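The values are calculated or read from the model by the stated rules, or taken from the named source; none is laboratory data. Not measured: the values here are computed from a predicted model. Note that each Cβ is placed from the backbone with ideal geometry, even for glycine, and that neighbours are counted across all protein chains shown.
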Amino acid sequence: MKRWLLLPLLGASLLPLHSARADDLNARATQIKSQLQTQWLPAWVKTSTANELATDAALNLQTLSHAHSLGYSTPQLDLLAAASAHYKLLRDSRRDKTNDGFYLRSQDSKEPTKSTLLQAVVVSALVEYARASGENEPRGLAVKIWRVIRDRTRDKINGGYYDSFYSAPPSATGASAFGQKSALTHLALLEAGTELYALTHDRSIRTDLVELLDLNQGRFFSVRSEESARVYSPDWRTVPQNEQPEQPNRAVTAEAGIAIVRAQTALGLPIGWVDFTRRVELEGTSANPATVNALTPLVKIASNREERATQLDSALDGLNTNAAQLPVDSGIPLLDFVAAFEK
């Protein structure tokens, strides 16, 4: 399955840290916004939904909806209408109308299993579309799919979520889910749960989010890398031989830090982030949620963009702002970067 999270922004070399002045960031944001308006968004609007995989439809739905919410739609570029086409594809052609959840290819494929990761991505996309459109249907569908995830993939004995589950309801004695428990699945669930809770303030979703926050911080992205792994067995006791604890992937760890900050903000908890080598409290015990939200596209979370610009990571150098086109999975971090640093 393709990687459609924030990794396109963070996948550049993350070391060494470099000095970045605030006015440089303003100029970069202005340049990126111009290219979003004239090149990338028009290209993404033309993306055909024909034979589109559910992951791609969700990614397009999320990106175009987010851009519309940020004011990029024009009479000539109706981003909400374009997002709606991807929403209808997901709702009408990728959803399992008998047992619920989403297939990767189509409802006619009768896929015997479904990916938990895919369900999480769809929830994130539905939340973004609900915000952009103001419609109740995508909001309700997001909540319903979240309950499918909770009911069908959560390990009720050991906690955590399995990577896969059976499309058809299990027999009376059979398990509904199977596979391992992986970092990418739990990170995607943390991101989806955070946005869904921020939209609904549902108490049961909050309970799920608290558990996911603890698992991501404690199991998968621990401060002590020797105590964490990317994949676990269902009982958490063993790690596959080829997945023994090792130096964390810097790009994934950075994304996890961003997701953890967003979850802490949504839950009203003290704000911190996962650094490459240590967890650091931001401003002692707390930070302004609006500031944190504005700076979440960045590897380092800063409380004051003017004073802390030198802390921004060289991931910004990975933005290829001269390319005529970019993959749509770069859209969300680019849009958020512009929102944070545009004058």
Could you check how many residues of segment 199-209 are under 14 Å from Gly140 (Cα atoms) and crowded, with 18+ Cβ neighbours inside 10 Å?
3
Against the conditions (1) modelled with pLDDT of 95 or more; (2) surrounded by 17 or more Cβ atoms within 10 Å (Cβ to Cβ), where does Asp100 fall short? Just the number, please.
(1)
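Yes/no per residue for (1) out of contact with any helix residue (DSSP H, G or I) (no Cβ under 9 Å at 6 or more places or on another chain); (2) modelled with pLDDT of 95 or more; (3) closer than 26 Å to Asn99 by Cβ:
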site: Ser176; (1), (2), (3): no, no, yes
site: His186; (1), (2), (3): no, yes, yes
site: Arg206; (1), (2), (3): no, yes, no
site: Asn216; (1), (2), (3): no, no, no
Residue in segment 138-174 that is nearest to Asp214 (Cα to Cα), counting only those that are out of contact with any helix residue (DSSP H, G or I) (no Cβ under 8 Å at 6 or more places or on another chain) and of a type in the set (Asp, Glu)
Asp155
Test for Ala130: is it within 20 Å of Asp336 (Cβ to Cβ) and surrounded by 16 or more Cβ atoms within 10 Å (Cβ to Cβ):
yes
Could you check Asp56 against (1) on the phi > 0 side of the Ramachandran plot; (2) buried (at least 18 other Cβ atoms within 10 Å of the Cβ) and say which number it fails?
(1)
